[in-house]
Amino acid sequence: MPLTSTTTDYDMDSPRLFEEEAGRLRPVFGDASMGVHHVGSTAVVGLAAKPEIDILVVVSETKHLDQWQASLLHMGYDRGSDLNDGHHFFKRDTEGRRTHKLHVCASGHPQISRMLMLRDHLRSNTQDRMAYETLKLRLEKENQTGIAEYLKGKAPFLDELYGKIRAQQ
């Protein structure tokens, strides 16, 4: 089973693509939005990535999730499975290709700090960035069953890295 996309060298257009999509998304969340962040591998200059822009929207509360979901559907986003309790996930495909992944979490959700800390660390630590890239490329090459296998393969590395970052604080 193929992955949603193939990993490629870092695309210098990623920040612009994030800003364009963030501009489309901000009105959906309105006053509930506390921040829209570029996360994931496309947010790390120099890191090979699937050409899928990860966006994290931090909201004050999620009581309007059904309303947001309806608006997002009109924008081409489909609801994915929540990644964990309170971590709401949406995905957008264009012309049969995954282009965006949207993460919506209420302020204080532990996934917010995790995503931002990992992003910031990989931006500033070349050794860990290269180790992560090597792992991602290997997992993609060896993948037999799809995205769940790929994500499961990355998890121990990311968990260990996050623990290292937290210990340094």
- Using beta carbons and a limit of 6 Å, which pairs, at least six apart or on different chains, have the first residue in the range 41-60 and closer than 19 Å to Leu139 by Cα and the second one part of a loop (DSSP other than H, G, I, E, B) and open to solvent by 20 Å² or more (accessible area, probe 1.4 Å)? Gly46/Tyr10; Leu47/Tyr10; Ala48/Asp9
- Task: Only residues in the range 61-72 that are closer than 13 Å to Phe89 by Cβ count as the first member; pair them with residues that are open to solvent by 50 Å² or more (accessible area, probe 1.4 Å), Cβ under 7 angstrom, at least 6 apart or cross-chain, and list the lot.
- Result: Gln69/Arg79
- Among the residues of the range 61-78, write down those that are touching a helix residue (DSSP H, G or I) at 6+ places or on another chain (Cβ under 9 Å) and surrounded by 14 or more Cβ atoms within 10 Å (Cβ to Cβ). Thr62, His64, Trp68, Ser71, Leu72, Met75, Tyr77
- Considering (1) surrounded by fewer than 19 Cβ atoms within 10 Å (Cβ to Cβ); (2) assigned to a strand (DSSP E or B), say which one Ile55 fails and leave the rest. (1)
- Note on the structure: Contact list, first residue from the range 1-29 and closer than 17 Å to Asp93 by Cβ and in contact (Cβ under 8 Å) with a residue 40 or more places away in the chain, second anywhere and open to solvent by 40 Å² or more (accessible area, probe 1.4 Å) and among the hydrophobic types (A, V, I, L, M, F, W, C), beta-carbon distance below 8 Å, six or more apart or interchain, is Leu3/Ile147; Thr4/Ile147
- Item | Matching residues in the range 131-150 - criterion: being under 21 Å from Asp120 (Cβ atoms) and either among the aliphatic types (A, V, I, L, M) or open to solvent by 60 Å² or more (accessible area, probe 1.4 Å) (or both) | Ala131, Thr134, Leu135
- Note on the structure: Out of (1) assigned to a helix (DSSP H, G or I); (2) out of contact with any helix residue (DSSP H, G or I) (no Cβ under 6 Å at 6 or more places or on another chain), the one Thr42 does not meet is (2)
- Checklist (1) open to solvent by less than 50 Å² (accessible area, probe 1.4 Å); (2) touching a residue at least 60 places away in the same chain (Cβ under 8 Å) applied to Arg123, failing item: (1)
- Item | Criterion: of a type in the set (A, V, I, L, M, F, W, C), under 23 Å from Ile112 (Cβ atoms) and open to solvent by 70 Å² or more (accessible area, probe 1.4 Å) - qualifying residue of Leu83, Leu47 | Leu83
- Query: Taking into account only those residues within the range 1-26 that are in a helix (DSSP H, G or I) and among the hydrophobic types (A, V, I, L, M, F, W, C), which is most open to solvent (accessible area, probe 1.4 Å)?
  - Reply: Leu17
- Does Leu47 meet the test of being more than 25 Å from Gln169 (Cα to Cα) and of a type outside the set (D, E, K, R)? no
- Task: Could you please give the count of residues in the range 119-169 that are farther than 20 Å from Asn84 by Cα, in contact with a Leu (Cβ under 9 Å, 6 or more places away or on another chain) and among the basic types (Lys, Arg)?
- Result: 3
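The values are calculated or read from the model by the stated rules, or taken from the named source; none is laboratory data. As the structure is a computational prediction, the values presented were derived from the model and not from experiment. Backbone-built Cβ (ideal geometry, glycine too); neighbour counts: all protein chains shown. Side chains included, ligands, DNA and RNA excluded: accessible areas come from the protein's heavy atoms. Shrake-Rupley method; radii C 1.70, N 1.55, O 1.52, S 1.80 Å.
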